[in-house]
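The values are calculated or read from the model by the stated rules, or taken from the named source; none is laboratory data. Note that the structure is a prediction, hence the values are computed from the model and not measured. Note: areas computed on protein heavy atoms with side chains; ligands, DNA, RNA excluded. Shrake-Rupley method; radii C 1.70, N 1.55, O 1.52, S 1.80 Å.
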Amino acid sequence: MKISKLILAIVLLVFVQMSFGQKNDSKQLVGKVIEQSTPIEGVNVINNTTQVATVSDSDGNFLITAREGEVLVFSAVNLEPFKRRIVAADFYPNLLTVKMTAKEVELKEVIVNENANITAENLGIIPYGQKKYTPAERKVYTATSTSVDKLLNAISGRTTMLKKEVKVEQKEALFRKLEYLFEENYYTERLRIPVDDIKGFQLFCVEDADFAVSLNTKNKTMSMFLITDLARKYLTILENEK
């Protein structure tokens, strides 16, 4: 019985010494909180083990009691939370620099034209029915707006060149419309166009005058009717090229 009491006393003594030793291991930790290169004031610093807390000052500096291995938690309203496990090198005379990151604020979707009925015509800025020029068409209009410009640009060939740009622009607009009209599987499964030849087939389609009209008038039924015949012609061309 005496031996058991002696062992218990020794265990208690060792436990007390360990506890006392751990308390003595606590040190003052000096640190600085920054976001990018700017010191941050008002950051809450909490020792996750002892629950001791402090707040960074106007220069981003803070002082807190901690031991090696304990975790400090840093938090602020506009910053992402941050945790740091303390190591021996973090204590004085070294300055612990903690880099925090600003929270990303998700902006609400901005609708530029919420009311589609509000147009330049409705507001009286331009007359109703006035022609709207594309960039290429505007160049042609400028080149032929006066008799002198019309003559000079005709002689130099500039007008002819600009009119070609208009045609290219119109074909590009048709091509963009066609890209969104049908899914890829419509070309491959319904029309039997190989995947690698879809772009070439689309360019072939926009060269057809009747098909171009169906795209411009948004007549999808007519486009589907015409594209079937165009697919047969295009597949014949591909076959002859082999």
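A few points about this structure:
- Among TYR187, TYR92, the order of accessible area from largest down is TYR92, TYR187, computed with a 1.4 Å probe on protein heavy atoms.
- Going by accessible surface with a 1.4 Å probe and the largest first, ARG192, ARG67 read ARG192, ARG67.
- A straight chain from GLU239 to SER156 at 0.36 nm per residue would run longer than the Cα-Cα distance by 25.5 nm.
- Among ILE64, ILE155, the sequence by solvent-accessible area, most first, with a 1.4 Å probe is ILE155, ILE64.
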